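What follows is one structure encoded as structure tokens, with my remarks underneath.
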Amino acid sequence: MSNALPPRDHDDRLPLRERKKLRTRQTLVDTALELFTERGFNGVTLDELCDAVEVSKRTFFRYFASKEDVAMAPTQDLWRAFLEDLETREPGGRPVLEMLQEALFAAMDRMTADGWAHRVLLTRQLAAATPSMDAHGLHFCHDTGRAALATLYRRLDLATPDDPRTRLAVDMLVAAFHCALDTWTAGPGTLTRAGLAAHVRDACAALPGSLTLTAGLRPPG
């Protein structure tokens, strides 16, 4: 079983076998999202999904660990690309949060597959209506945050893990992304990758102000 992110190389440059694997993986994702959207996540069995794609369950489990995993592949691919970028990104003397933001934007730039933004929208809509998907997403976010922290502590000269600032920087980035995703999903018109990236930039730009935000009580009446 492998949940690895598809390689950076364009499909045309890959060996035939790798291209076939990528097409099978993408077909599983597209078919799953189509069936889950039409019939509900719990209205489609794994056997039915595999039959629709004409693959065995054994083949399915080479790519994904569960129905939740295949349904959330579009956003999980983004965060795996983020972790890959973080492995090589130089800190350059700037704040860690800024470095993390740049890694996320670089990961979004890699999400060039046709229809990626639409798949993210379907995933978001399904997760909102499916408790098991929502729980799976929370678990994935937790694992991604831990992986990002491990990378930062391994590569950068940071204070001890007892210092909360590094974890808070990662948590703020994830929170900003989810805030942006909610705004983007609720927006009018065609939803695009560029539009999502713009919302993420706006959410990240609002982080400093959120730390100093004050407000009085609303007048009654």
Q: Kindly rank 173-182, 200-209, 70-79, 16-25 from highest to lowest mean number of other beta carbons found within 10 Å of each residue.
A: 70-79, 173-182, 200-209, 16-25
Q: Evaluate the distance, in nm, between pseudo-label points positioned 7 Å from the Cα of ASP51 and of ARG154 along their respective Cα→Cβ axes.
A: 4.3
Q: Using label points projected 7 Å from each Cα along Cα→Cβ, tell me how many nm separate HIS142 and THR212, to one decimal.
A: 3.5
**Q.** Rg followed by Dmax, in Å, when the chain is reduced to its Cα trace
**A.** 19.1, 69
Q | Peptide ranges 51-62, 111-122 listed from the most packed, as the mean C-beta count within 10 angstrom indicates | A | 111-122, 51-62
Q: Tabulate in residue order the Karplus-calculated ³J(HN,Hα) for region 100-106, using 6.51 cos²θ - 1.76 cosθ + 1.60 with θ = phi - 60°, rounded to whole Hz; enter x for Gly and Pro.
A: 5, 4, 5, 5, 5, 5, 5
**Q.** Hits among aspartates and glutamates - C-alpha to C-alpha of LYS67 under 19 Å, sequence gap 8 or more where chains match
**A.** ASP30, GLU34, GLU38, ASP47, GLU48, ASP51, GLU54, ASP77, ASP134, ASP143
Q) Peptides 149-161, 28-40: what's the order by average Cβ count within 10 Å, highest mean first? A) 28-40, 149-161
Q | Sequence-separation-based contact order of the chain, relative, with Cα cut under 8 Å and 6+ spacing, percent | A | 19
Q: May I ask you to compute the full-extension gain from HIS178 to ARG201, defined as 0.36 nm times their residue separation minus their alpha-carbon distance, rounded to one decimal in nm?
A: 7.1 nm
**Q.** Size of electric dipole in the chain: Cβ of Lys, Arg +1 and of Asp, Glu -1, about Cα centre, debye, nearest 20
**A.** 200
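Taken together, the values in this text are just the output of simple stated rules run on the coordinates, not laboratory data. On a predicted model such as this, the values are computed, not experimentally measured, just so you know. When we count neighbours, we look across all protein chains shown, and the Cβ atoms used for this are built from the backbone with ideal geometry, even at glycine.
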